[in-house]
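Asks: Pasting a structure below so you can have a look.
The values are calculated or read from the model by the stated rules, or taken from the named source; none is laboratory data. Because the structure is predicted, anything quoted here is derived from the model rather than measured. Positions of Cβ are backbone-derived with ideal geometry, glycine not excepted, and every protein chain shown enters the neighbour counts.
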Amino acid sequence: MMNQNSTQFLEAFVIIEAYLASISDLAKGVPFVAQVDSLRLTDQTVQAYAEDLKAFARLRNVIVHERGGGAVLAEPNDWAVQRICHVRDMLIQPPTVSIFATHHVLTIRSDDHLSAASRLMYEHHYSQLPVYGSNGYEGLLTIRNITYWIGAQSSHLLDLSKVRVSAVLKHTEPADTALFVKPDASLVVALNVFAAQHRRGNPIDAVLISESGTAASALLGIIALADMPAIAERLRLSQES
């Protein structure tokens, strides 16, 4: 006879199994693990929790198929039940970057003076500011960009009140250190954007959120590198108990 943990675990597993089948183009009856291996190639959330899903399948088989005298040989502990419920929720209704879409993103104009931009960054404890000009988004001003620009100047007596933000952006290589996503993009996708760019040797400083996922529409929010630990904690990607 199954206890409450086994019942909760199996109920969550059935929901996950049905969900994976609904988004897969594989034939009906393909084993669960094969579904996971196929979907992880195209679905970033499945990829993030693939090893969890395979472990759930093994435990599910023990609960359902391996019994001694009618009794379950292995019961999921509380952590296993909490974990499968978490993964179920992350798959069925993954949190999106919309939680960072405040509609009140602090920006700077490219023709503003660097003194004004640096003052804003200091007052608000920001390490970067999106820059906009007459043609829309022009790039991301960062503390690192400013530092590199100052280091490249020949004079030791710089007057930042006479330097335009655009001058710093032109000096920066690469010219942009941010990528855009739509507000319905999942947090897993945002996390992977940072990781993928780092692997390519072209790390970014921020993910910018706009309605169209491009620089063509209004800026709704910003996700900085400093937000990554909080996102990882919310997603609970590790399998540590």
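Asks: Taking only segment 48-67 into account, find how many residues are touching a residue at least 60 places away in the same chain (Cβ under 8 Å) and closer than 19 Å to HIS86 by Cα. Lay out the reasoning, then the answer.
Replies: Our first condition is that a residue be touching a residue at least 60 places away in the same chain (Cβ under 8 Å); within segment 48-67, this holds for 48-49, 51-52, 55, 63.
In the following step, the residues that additionally are closer than 19 Å to HIS86 by Cα were identified as 48-49, 51-52, 55.
Adding up the residues that qualify gives 5.
Asks: Quick check on segment 133-147. Is at least one of its residues under 30 Å from the mean Cα position of the chain (by Cα), among the acidic types (Asp, Glu) and outside any helix (DSSP H, G or I)? Even if it seems obvious, please write down each step before you answer.
Replies: Applying the first criterion (under 30 Å from the mean Cα position of the chain (by Cα)) to segment 133-147 yields 133, 135-147.
Still in the running and among the acidic types (Asp, Glu): 138.
Next, only the ones that are outside any helix (DSSP H, G or I) stay: 138.
Scanning segment 133-147, I find at least one residue that is under 30 Å from the mean Cα position of the chain (by Cα), among the acidic types (Asp, Glu) and outside any helix (DSSP H, G or I), so the answer is yes.
Asks: Shifting gears a bit: Within segment 3-39, how many residues are closer than 20 Å to GLN93 by Cα, without any contact (Cβ under 8 Å) to a residue 60 or more places away in the chain, surrounded by 16 or more Cβ atoms within 10 Å (Cβ to Cβ) and small (Gly, Ala, Ser)?
Replies: Count: 1.
Asks: Now a separate question. Do you know which residues across segment 221-241 are free of Cβ contacts under 8 Å to residues at least 40 places away in the same chain, of a type in the set (D, E, K, R) and assigned to a helix (DSSP H, G or I)?
Replies: Selection gives GLU233 alone.
Asks: Let me ask something additional. Among the listed residues SER134, SER166, SER186, which satisfies the condition of being of a type in the set (S, T, N, Q), surrounded by 15 or more Cβ atoms within 10 Å (Cβ to Cβ) and within 20 Å of SER217 (Cβ to Cβ)? Steps first, please.
Replies: Numbers: SER134 fails: surrounded by 15 or more Cβ atoms within 10 Å (Cβ to Cβ); SER166 fails: within 20 Å of SER217 (Cβ to Cβ).
Being of a type in the set (S, T, N, Q), surrounded by 15 or more Cβ atoms within 10 Å (Cβ to Cβ) and within 20 Å of SER217 (Cβ to Cβ) holds for just one of SER134, SER166, SER186, which is SER186.
Asks: Also, I was wondering about something else. Among VAL168, VAL72, which is hydrophobic (A, V, I, L, M, F, W, C) and modelled with pLDDT of 85 or more? Can you show your working first?
Replies: Working: VAL72 fails: modelled with pLDDT of 85 or more.
Only one candidate qualifies: VAL168.
Asks: Counting only residues that are in contact (Cβ under 8 Å) with a residue 40 or more places away in the chain and more than 22 Å from THR45 (Cα to Cα), which one in segment 190-216 is nearest to the chain's Cα centre (by Cα)? Before you say what the answer is, go through the steps one by one.
Replies: Step one: filter segment 190-216 for residues in contact (Cβ under 8 Å) with a residue 40 or more places away in the chain, giving 190-192, 205-209, 215-216.
With more than 22 Å from THR45 (Cα to Cα) added as a condition, the list becomes 205, 215-216.
On the way: ASP205: 13, ALA215: 19, ALA216: 22 Å.
Looking at residues that are in contact (Cβ under 8 Å) with a residue 40 or more places away in the chain and more than 22 Å from THR45 (Cα to Cα), I get ASP205.
Every residue, every condition in (1) out of contact with any helix residue (DSSP H, G or I) (no Cβ under 9 Å at 6 or more places or on another chain); (2) closer than 23 Å to VAL189 by Cβ; (3) outside any loop (DSSP other than H, G, I, E, B); (4) not assigned by TED's automatic domain parsing to the domain that holds TYR19, yes or no:
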site: ALA34; (1), (2), (3), (4): yes, no, yes, no
site: GLN47; (1), (2), (3), (4): no, yes, yes, no
site: ASP52; (1), (2), (3), (4): no, yes, yes, no
site: ALA74; (1), (2), (3), (4): no, no, no, no
site: VAL105; (1), (2), (3), (4): yes, yes, no, yes
site: SER115; (1), (2), (3), (4): no, no, yes, yes
site: SER118; (1), (2), (3), (4): no, no, yes, yes
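Asks: Now for a separate question. Return the only residue of THR177, THR214 being buried (at least 19 other Cβ atoms within 10 Å of the Cβ), within 30 Å of ASP112 (Cβ to Cβ) and out of contact with any helix residue (DSSP H, G or I) (no Cβ under 7 Å at 6 or more places or on another chain). Lay out the reasoning, then the answer.
Replies: Details: THR214 fails: buried (at least 19 other Cβ atoms within 10 Å of the Cβ).
Only one candidate qualifies: THR177.
Asks: So for segment 201-220 (the condition being assigned to a helix (DSSP H, G or I) and either under 20 Å from SER127 (Cβ atoms) or among the hydrophobic types (A, V, I, L, M, F, W, C) (or both)), does at least one residue qualify?
Replies: Initially, segment 201-220 is screened for residues assigned to a helix (DSSP H, G or I), giving none.
Scanning segment 201-220 turns up no residue that is assigned to a helix (DSSP H, G or I) and either under 20 Å from SER127 (Cβ atoms) or among the hydrophobic types (A, V, I, L, M, F, W, C) (or both).
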